[in-house]
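Accompanying notes for the structure given below.
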Amino acid sequence: MQKPLARVFAKFKRSGSVDDNRVGNVGPRRTVVTPENVVKVSGIFQQNPKNTVRRIASETGLKRSSMQNILRNSLRMFPYKIQSHQAISIKAVRQRFDYANEMLTMIDIEIFDVSCIWFTYEAHFQLNGFVKKQNWRFWESENPHLCEEKPLHSPKVTAWVAVYSRCIIGPFFL
């Protein structure tokens, strides 16, 4: 009964694993953070900083984690999110400001009952290939403060829900 246990222990001492069939995972890890790889990755990201780590990893044959190590530790680059905002005219900004001031005045003089407010939320799912902003990264050593405008009226599906002081309404898909 103790011989199989002794063999497993000896195998573990010998290879660092109880499974000898794992060729390539035994022994010290090889590093891929070589000067050649650092120069290669640096050149690729200087040409197009919007490249994804996964795409460049597949092009260079490096692991994604190795790419991230090179970018963060060797090149001191970090993934910055690209901010997106809706293009809005100055006239629309003024109209919103005037409406907000009018509502505050109505609440102050008690013409408007605050308990009658409905809180709504909608989520838009773009149909034209516009991706979610949390998937966008821009690798740079300093924050570039990029902002990309998107079209105001692009085809999309909207999910909508409302919360009222007495109930929840929805969700509805438009």
### Message
For residue 103, what accessible surface area do you get with a 1.4 Å probe? Give it in Å², rounded to 10.
### Response
40 Å²
### Query
log10 I(q)/I(0), Debye, Cα-only the stretch 31-76, no solvent, q = 0.20, 0.29, 0.30, 0.31 Å⁻¹?
-0.52, -1.20, -1.29, -1.38
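Over 27 Å between Cα atoms, which of 13/63; 63/156; 50/91; 91/156 qualify?
Working: 13/63 29 Å; 63/156 35 Å; 50/91 34 Å; 91/156 25 Å.
Where the Cα-Cα span goes over 27 Å, the pairs concerned are 13/63; 63/156; 50/91.
The values are calculated or read from the model by the stated rules, or taken from the named source; none is laboratory data. Remember, it's a predicted structure, so these values are computed and weren't measured experimentally. Accessible surface is based on the protein model in full, side chains and every heavy atom, while ligands, DNA and RNA are left aside. Shrake-Rupley method; radii C 1.70, N 1.55, O 1.52, S 1.80 Å.
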